[in-house]
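Undergrad: Sharing a structure with you now.
A short reminder: the numbers here are calculations on the coordinates, not readings from a lab. Here the structure is a predicted model, which means the values were calculated and not measured. Note that we place each Cβ from the backbone using ideal geometry, even for glycine, and neighbour counts take in every protein chain shown.
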Amino acid sequence: MIHRYLTLGEIADAMGVSRAWLYNNHARLEREHGFPGPAPGFGARRDATAVEAWQRRTMPAELQPKSGQLDVAEWREELDRRAEQLT
């Protein structure tokens, strides 16, 4: 099995959030919400499988992708709502 390892920028793009938002919030997401940390031996890159599993665990059922594709706009709204609650 070949694993993919993603930068925070690639993850932010896939999640539909700004790269700046994820760079500024990834440590808090790791600490408070179980966001995957860097994969050992891959610098700051995260295991794509772990990130996808985190999304499935933390994303509300009504926002879960139905066809294997993430609804970026809805997920962005959910992340913004969660960020507001933390500030």
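Undergrad: Just name the residue that is surrounded by the fewest Cβ atoms within 10 Å (Cβ to Cβ) out of those in segment 5-28 that are in a loop (DSSP other than H, G, I, E, B) and on the phi < 0 side of the Ramachandran plot. Explain how you work it out, then say what you get.
TA: Let us first name the residues in segment 5-28 that are in a loop (DSSP other than H, G, I, E, B), namely 7, 16-18.
Applying the additional criterion that residues be on the phi < 0 side of the Ramachandran plot yields 7, 17-18.
Details: Thr7: 15, Val17: 18, Ser18: 13.
The qualifying residue surrounded by the fewest Cβ atoms within 10 Å (Cβ to Cβ) is Ser18.
Undergrad: Which pairs have Cβ atoms under 8 Å, sit 6 or more apart or on different chains, and link a residue in segment 1-12 that is touching a residue at least 40 places away in the same chain (Cβ under 8 Å) and charged (D, E, K, R) to one that is in a loop (DSSP other than H, G, I, E, B) and surrounded by 13 or more Cβ atoms within 10 Å (Cβ to Cβ)?
TA: Once the first residue is touching a residue at least 40 places away in the same chain (Cβ under 8 Å) and charged (D, E, K, R) and sits in segment 1-12, no partner that is in a loop (DSSP other than H, G, I, E, B) and surrounded by 13 or more Cβ atoms within 10 Å (Cβ to Cβ) comes close enough.
Undergrad: Within segment 33-47, can one find any residue that is farther than 26 Å from Ile2 by Cα and not charged (D, E, K, R)?
TA: Going residue by residue through segment 33-47, those that are farther than 26 Å from Ile2 by Cα are 33.
After this cut, where a residue has to be not charged (D, E, K, R) as well, the list is 33.
Checking segment 33-47: at least one residue is farther than 26 Å from Ile2 by Cα and not charged (D, E, K, R).
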